[in-house]
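Read-outs: derived from the displayed coordinates by stated rules, not from any lab. All figures in this text were calculated on a predicted structure; none of them were measured in a lab. For neighbour counting, all protein chains shown are included, and Cβ atoms are generated from backbone atoms with ideal geometry for every residue, glycine included.
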Ligand code: 8YV
């Protein structure tokens with residue numbers, strides 16, 4: 001039997017590309033340039049499986065090609081708001097993602113941003129790099145202490161819980177969270193976490209607010225001007241989830257006006273285009289979507305896609321099936 005044809009849209013770690021080569025008739029992307037809509041549509045018509053990332057918009061238009069051959073979409077990432085899931089379901093496509101393996105690394109980046117923002121580390125580094133540092137000063141670059149403060153988590157899934165563990169057990173932080181459905185009581189107990197009745201309550205109480213809900217229409221601009229005004233003037237907003245959850249213009253206004261003290265971002269509305277005003281602010285820490293970017297995690301994400309792919313073509317239910 002012919003090997004299934006698989007198209008990988010971006011460059012993956014070599015170790016997992018080799019696993020794909022061993023089992024499938026695979027088309028890799030050595031250039032690592034995101035594929036055009038036309039190239040994605042062509043792949044839909046000529047391959048059996050497509051393996052996209054957050055940078056590929058798999059819209060209804062891309063899926064609705066004439067004589068589509070692709071039956072399986074294995075997303076390299078846990079978030080899948082780059083895929084029109086309703087359209088995929090309607091078309092009978094199988095879609096999988098890569099949960100669990102990136103939980104700790106993404107939570108680490110959220111903690112890194114929290115610490116950097118609190119202690120003004122990006123601003124401090126910029127001072128040093130500019131050559132303008134004149135030496136130690138008793139009131140220089142005073143930030144906020146992290147230990148013992150309150151962390152408010154928007155969403156309480158795997159990544160939020162991993163961050164809460166690090167923050168509570170490592171930094172003695174009090175944990176608040178806001179989530180629509182009741183979470184596992186053992187985790188809540190272990191973290192001595194408090195579930196807020198409303199998002200507004202969480203925003204007004206927390207010293208640090210970290211976003212961990214999915215992106216997409218339901219959460220677009222959840223953090224808007226009015227909600228930013230509820231936060232403490234000494235508070236910091238951290239976003240490692242999806243850029244569109246936070247209204248960029250409102251955040252810029254809040255940082256300029258001092259409604260909040262700082263922000264740490266790993267994700268952006270319309271990335272890789274970034275609102276240029278972010279670049280001119282001093283009270284912000286900016287990372288280029290590196291939440292899961294450790295060697296171990298990126299290999300594990302690829303392996304997770306491979307095992308879902310193998311299960312699917314062997315006639316089994318893939319472990320990480322989304323639809
Ligand atoms: C990934 C992420 O790197 O998995 C996710 O949802 O945001 C990132 O950690 C990216 O999505 C890869 O497609």
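The table below lists the values:
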quantity: Length-normalised contact order for the chain - Cα pairs under 8 Å, 6+ apart - percent; calculated: 18
quantity: Inter-centroid distance (Cα atoms) of region 1-70 relative to region 270-300, Å; calculated: 25
quantity: Cα-based radius of gyration of region 1-135 once divided by 2.2 N^0.38 Å, which approximates compact folds; calculated: 1.40
quantity: Most mobile of 74, 215, 270 in a GNM of the chain (Cα contacts under 10 Å); calculated: 270
quantity: Normalised alpha carbon radius of gyration of the chain [divisor 2.2 N^0.38 Å]; calculated: 1.08
quantity: Relative contact order computed over region 48-177 (Cα-Cα under 8 Å; 6+ residues apart), in percent; calculated: 20
quantity: Two-site FRET efficiency, residue 303 against residue 85, from Cβ-Cβ distance with R₀ of 22 Å, rounded to 0.05; calculated: 0.40
quantity: Additional length obtainable on full extension of the chain from residue 133 to residue 296, 0.36 nm per residue less Cα span; calculated: 55.0 nm
quantity: Residue-span extension gain [residue 185 to residue 275] - 0.36 nm each, minus C-alpha spacing; calculated: 28.4 nm
quantity: Principal-axis tilt of helix 37-46 within the chain, Cα atoms, nearest 10 degrees; calculated: 40
quantity: Which of 31, 139, 150 has the fewest Cβ neighbours within 10 Å, and the rest in rising order; calculated: 139, 31, 150
quantity: Segment residue 57-residue 126, length gained on full extension (0.36 nm per residue, minus Cα span); calculated: 21.4 nm
quantity: Histogram of C-alpha separations across region 103-286, 10 Å bin width, %; calculated: 10, 39, 36, 13, 2, 0
quantity: Rounded FRET efficiency, nearest 0.05, which uses the C-beta distance separating residue 65 from residue 253 and R0 of 35 Å; calculated: 0.25
quantity: Antiparallel bridges, percent of DSSP beta bridges restricted to the chain (to nearest 5); calculated: 5
quantity: For 204, 210, 130, 181, order by how many other beta-carbon atoms lie within 10 Å, fewest first; calculated: 181, 130, 204, 210
quantity: Between region 199-228 and region 109-145, the Cα center-to-center distance that results, in Å; calculated: 25
